[in-house]
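Participant: After the structure tokens below, expect a handful of questions from me.
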Amino acid sequence: MKKTLIKNALIINEGERYIGSLLLVGERIAEIYSGELPQEVEQSVSAVVDARGKWLIPGIIDDQVHFREPGLTHKGDIGSESAAAVAGGVTSFMDMPNTVPQTTTLENLEWKFQRAAETSLANYSFYLGATNENLEELKKADPHRVCGIKIFMGSSTGNMLVDDARALERIFSEIPLLIAVHCEEESVIKANRERFIKQYGENLPVTYHPLIRSEEACYQSSAKAVALASRTGARLHILHLSTAREISLFENKPLKEKKITGEVCVHHLFFNDSDYARLGNRIKWNPAIKKESDRVALIEAVNNNLIDVIATDHAPHTWAEKQGSCLKAASGGPLLQHSLLAMIDKCRRGEITLEKMVEKMCHAPAQLYKIQNRGYIRKGYFADLVLIDPERPYTVNQENILSKCGWSPFEGYTFPATVYQTYVNGVIAYENGELNQTCRGEELRFDA
């Protein structure tokens, strides 16, 4: 097996930072050295990476992406989006079920696993989507392979909106897997939409998006999900929290003691509603980006452990699909390639520490989903790693965007650091702007 030595890096891991070196043997971390490296180690390896002046962290684990395959591959597929992932230091992802066909059967789920084995540069798992009618199929999901059950408790496509109270009750009561939910109250959204259309017509600018998909819509749905999980004992994970008010639904206690957890996405930590004037539909997401006070409160909730995970909700659409009024332009956008750099930007601005960033983007997803042997720099763990050059700025432009949709909300923005290398299972998947297209990720495995 190939032996690789990464030496003299600033290792940021498990709340600490220190100068150290890693010995990789095959796909695993064989040894971790703090401080001075024994001379005989370097002599025994086949490759040496001198990481002096660079930061070394575990690979990012993103628990919420939309890679669009099957059926929507004109804007993204597992191959293209996993390439964007490793270029951004994301070594593992969990993909959502709103594809064509929808991933609401085990047959469709298995197709995704097989496709990822063929084309994904990063490690992978997939959610099985819930509907009002597929409880029996959900019960068959293998908890060692499937990251969770996804429920849309808000607007969705096709029949994936789970709005039958009896169906929700049974899913929460009878499914032992983690239940990940999109929470926006449909009745509130509908009433807001109708009111603004009546007042101003249907050609509403994007500034109305956070007023239609409002704080109240988010809070009502999230509160309903928390109440249901508390009553049934379900393992609940609320995705893409976007309001200060929702934070009150969560507890500050060790993650291992929580049965109800929350995620926030990079765009809700980076942008606020004043940015609509500059960026327009580029930052149109569901749930909507809201006030600066919400953004600040979400950052604070990350820092004080009320919110557990930072992810992306990476959702590429073509540029044509992003055009039009508030009611017509597609919601969502590509973020995977720049999520780590965006959070390093926040670290440089003093809003979060590097240690906390690593905790929320690497350690916590691994712990929360019970992923086997990933998410930390530990002896015996898979060598999913990122080397960062903290002194080399990186400017986003159309030439270096790898997501198939070809645009980014960060175009023209210069980040203070650059992803230099990304390792997936001990293999260099990305180095200094170049992809290793022969790299293949592996299935994530979970402790039940």
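Participant: I'm trying to understand the selection: among the residues of the range 177-188, which are farther than 28 Å from A141 by Cα and at pLDDT 95 or above?
Facilitator: The one that is farther than 28 Å from A141 by Cα and at pLDDT 95 or above: V188.
Participant: So W285 fits all but one of (1) in contact with a Phe, Trp or Tyr (Cβ under 7 Å, 6 or more places away or on another chain); (2) within 25 Å of S82 (Cα to Cα); (3) in a loop (DSSP other than H, G, I, E, B); (4) open to solvent by less than 20 Å² (accessible area, probe 1.4 Å); what number is the exception?
Facilitator: (1) is the only condition that W285 fails.
Participant: Taking strands (runs of 3 or more DSSP E) that do not extend beyond the range 366-448, which have at least 2 residues that are free of Cβ contacts under 8 Å to residues at least 12 places away in the same chain?
Facilitator: 427-431
Participant: S293 - would you say it is of a type in the set (S, T, N, Q), over 30 Å from N192 (Cα atoms) and part of a helix (DSSP H, G or I)?
Facilitator: So S293 fails the test.
Participant: Please work out which residue is nearest to T91 (Cα to Cα), limiting yourself to the range 346-375 and to residues that are touching a Gly at 6+ places or on another chain (Cβ under 8 Å) and open to solvent by 20 Å² or more (accessible area, probe 1.4 Å).
Facilitator: N373
Participant: I need a count of the residues in the range 72-123 that are among the aliphatic types (A, V, I, L, M), in contact (Cβ under 8 Å) with a residue 60 or more places away in the chain and out of contact with any Leu (no Cβ under 8 Å at 6 or more places or on another chain).
Facilitator: Within the range 72-123, residues that are among the aliphatic types (A, V, I, L, M), in contact (Cβ under 8 Å) with a residue 60 or more places away in the chain and out of contact with any Leu (no Cβ under 8 Å at 6 or more places or on another chain) number 3.
Participant: Okay, next question. Do the conditions hold for L340, that is, is it under 24 Å from S21 (Cα atoms), open to solvent by less than 20 Å² (accessible area, probe 1.4 Å) and in contact with a helix residue (DSSP H, G or I) (Cβ under 8 Å, 6 or more places away or on another chain)?
Facilitator: Yes; evaluated as a whole, the condition is true for this residue.
Participant: If I filter the range 251-280 down to residues being assigned to a helix (DSSP H, G or I) and hydrophobic (A, V, I, L, M, F, W, C), which single residue comes out as surrounded by the most Cβ atoms within 10 Å (Cβ to Cβ)?
Facilitator: Among residues in the range 251-280 that are assigned to a helix (DSSP H, G or I) and hydrophobic (A, V, I, L, M, F, W, C), the one surrounded by the most Cβ atoms within 10 Å (Cβ to Cβ) is V266.
Participant: Taking strands (runs of 3 or more DSSP E) that fall entirely within the range 1-117, which contain at least 3 residues that are of a type in the set (D, E)?
Facilitator: Because the criterion is at least 3 residues that are of a type in the set (D, E), no strands (runs of 3 or more DSSP E) in the range 1-117 meet it.
Participant: Would you be able to tell me the number of residues in the range 215-235 that are touching a residue at least 60 places away in the same chain (Cβ under 8 Å), open to solvent by less than 10 Å² (accessible area, probe 1.4 Å) and in contact with a Phe, Trp or Tyr (Cβ under 9 Å, 6 or more places away or on another chain)?
Facilitator: The number of residues fulfilling the criteria is 2.
This table checks each residue for (1) over 27 Å from V48 (Cα atoms); (2) in contact with a Ser or Thr (Cβ under 6 Å, 6 or more places away or on another chain); (3) crowded, with 20+ Cβ neighbours inside 10 Å.
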| site | (1), (2), (3) |
| --- | --- |
| N400 | yes, no, no |
| G406 | yes, no, no |
| E411 | yes, no, no |
| T414 | yes, yes, no |
| Y420 | no, no, yes |
| V424 | no, yes, yes |
| N432 | no, no, no |
| R445 | yes, no, no |
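Participant: Further question: For L204, work out the one condition from (1) over 30 Å from G324 (Cα atoms); (2) part of a loop (DSSP other than H, G, I, E, B); (3) open to solvent by less than 40 Å² (accessible area, probe 1.4 Å) it doesn't fulfil.
Facilitator: The single condition L204 does not satisfy is (1).
Participant: Let me ask you something else. So which residues in the range 191-210 are among the aliphatic types (A, V, I, L, M) and more than 25 Å from the chain's Cα centre (by Cα), if there are any at all?
Facilitator: Residues satisfying the conditions are A191, I197, L204.
Participant: Scan the range 9-32 for residues that are open to solvent by 30 Å² or more (accessible area, probe 1.4 Å), in contact (Cβ under 8 Å) with a residue 24 or more places away in the chain and of a type outside the set (A, V, I, L, M) and report the count.
Facilitator: 7
Participant: Now a separate question. Identify all residues within the range 283-307 that are closer than 24 Å to F93 by Cβ and touching a helix residue (DSSP H, G or I) at 6+ places or on another chain (Cβ under 7 Å); write none if there are none.
Facilitator: I283, K284, W285, P287, A288, I289, L298, I299, A301, V302, I307 - these are the residues of the range 283-307 that are closer than 24 Å to F93 by Cβ and touching a helix residue (DSSP H, G or I) at 6+ places or on another chain (Cβ under 7 Å).
The values are calculated or read from the model by the stated rules, or taken from the named source; none is laboratory data. This one's a predicted model, so the numbers in the text were calculated from it and none came from an experiment. Heads up, the Cβs are rebuilt from the backbone with ideal geometry, glycines too, and the neighbour counts pull from every protein chain shown. We work out accessible area using only protein heavy atoms, side chains counted, and drop any ligands, DNA or RNA first. Shrake-Rupley method; radii C 1.70, N 1.55, O 1.52, S 1.80 Å.
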